[in-house]
Amino acid sequence: MKKKTIFVTGGLGFIGSHLVELLITKSYKVIVIDFMGIGSNQKNLKKHKNLTLKILDINKTRTIKNYIKKYKPDCIFNLAAETHVDRSIINPKPFINSNFLGTYNLIEALRNLKLKKNFKFIHISTDEVFGDISINKKSTEKDPYNPSSPYASTKAAADLLIKSYIRTYKFPSIITNCTNNFGPRQFKEKLIPKIIFNILNNKNIPIYGNGNNQREWLYVKDHCKILFKLFQRGKLGETYNIGSGDVKTNLYVAKKILSLIKTKFNINSKSKIIFVKDRKGHDFRYSLNLNKLNKIYNLKKNLNFEKSMIKTIEWYIDNYNSKNK
């Protein structure tokens with residue numbers, strides 16, 4: 001039986017590389033398309049007979065079309081994106097080029113091609129498109145978008161464009177909105193790896209504002225298992241929230257990592273938590289309603305924040321060297 005082929009755009013990035021690894025273990029042929037942005041790293045993936053890497057910007061429509069014609073994918077997971085909120089505040093243009101125009105050019109390349117009968121385009125978005133929400137509220141898939149940062153706005157724009165393609169052109173797509181991810185290989189400017197690196201370097205841990213901003217945290221490998229389940233069982237034309245239900249303050253996360261490094265790994269650090277000037281337009285809280293996802297995937301049975309955090313810390317310690325400083 002011929003192996004099914006899956007494209008993963010942004011496959012050299014944090015989430016993308018973990019998804020590629022999962023797909024390879026399940027004997028899929030994987031074509032990675034990545035233009036080597038700031039969050040990409042070729043070391044994130046080992047060479048494999050079922051893995052083909054194409055260094056390419058998804059805005060290159062003609063080349064993308066040629067690859068789709070050549071490899072005839074059964075699915076495309078679109079994870080190609082600029083994701084760092086702080087960088088989007090400093091310079092929004094790369095986020096517009098990648099997150100919005102890149103998505104447009106990718107789906108436009110697909111629109112007039114003859115695709116496989118059960119083809120799926122699975123677009124990975126973010127919970128940040130819903131914007132700031134109040135205590136005890138959870139965003140549902142049908143809530144209006146209210147993005148705060150240029151990053152979130154470009155992701156929201158891409159989501160809306162895909163929704164219009166689904167309705168107007170019957171485009172075979174699924175949209176997912178996921179919460180904050182953590183795990184091995186995450187770009188070190190992100191909150192959790194930054195905390196870990198600073199502790200290992202005996203540097204202070206900067207936390208925005210008073211540290212009470214709340215985020216829902218999901219272990220990257222769990223996210224990828226859910227994405228695969230949606231590839232198998234997700235319904236075309238639908239949007240699915242992906243999260244853990246585990247909402248924690250940034251201050252709690254910093255304290256927990258500091259504690260785990262000291263107690264589980266016996267590393268004494270002089271690092272202290274310090275509060276710094278808050279980020280512009282900083283959303284206070286994100287949290288997702290996961291009822292729709294729970295009909296497909298048993299979250300309570302599969303997720304554990306502390307165990308996953310220990311695995312994450314262990315990876316950074318094992319892979320830590322002077323180049324990471």
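The values are calculated or read from the model by the stated rules, or taken from the named source; none is laboratory data. Computed from a predicted model, the values in this text were never measured in an experiment. Cβ sites come from the backbone with ideal geometry, for glycine too, and all protein chains shown count toward neighbours.
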In the range 250-283, what count of residues is obtained for those that are under 24 Å from the mean Cα position of the chain (by Cα) and at pLDDT below 95?
6
Consider ASN181 against the criteria (1) touching a His at 6+ places or on another chain (Cβ under 6 Å); (2) on the phi > 0 side of the Ramachandran plot; (3) among the polar types (S, T, N, Q): it satisfies all of them except one. Which criterion is unmet?
(2)
Could you tell me whether the range 216-234 includes any residue that is at pLDDT 95 or above, surrounded by 15 or more Cβ atoms within 10 Å (Cβ to Cβ), over 24 Å from the mean Cα position of the chain (by Cα) and not aromatic (Phe, Trp, Tyr)?
no
Could you list all residues from the range 237-273 that are part of a strand (DSSP E or B) and either touching a Phe, Trp or Tyr at 6+ places or on another chain (Cβ under 8 Å) or not polar (S, T, N, Q) (or both)?
TYR240, ILE242, VAL247, LYS248, ILE273
Can you tell me which of ILE33, ILE68, ILE6, ILE64 is in contact with a Cys (Cβ under 6 Å, 6 or more places away or on another chain) and over 30 Å from HIS282 (Cβ atoms)?
ILE6
Among the numbered criteria (1) exposed (fewer than 13 other Cβ atoms within 10 Å of the Cβ); (2) at pLDDT 95 or above; (3) closer than 23 Å to ALA158 by Cβ, which single criterion is violated by ASN112?
(2)
Among the listed residues LEU106, LEU79, LEU56, which satisfies the condition of being in contact with a strand residue (DSSP E or B) (Cβ under 7 Å, 6 or more places away or on another chain), buried (at least 17 other Cβ atoms within 10 Å of the Cβ), closer than 30 Å to LYS4 by Cβ and free of Cβ contacts under 8 Å to residues at least 24 places away in the same chain?
LEU56
Name the residue that is surrounded by the fewest Cβ atoms within 10 Å (Cβ to Cβ), counting only residues in the range 274-325 that are of a type in the set (Ser, Thr, Tyr) and assigned to a helix (DSSP H, G or I).
SER322
Mind checking whether some residue in the range 198-206 is on the phi > 0 side of the Ramachandran plot, more than 12 Å from the chain's Cα centre (by Cα) and surrounded by fewer than 16 Cβ atoms within 10 Å (Cβ to Cβ)?
yes
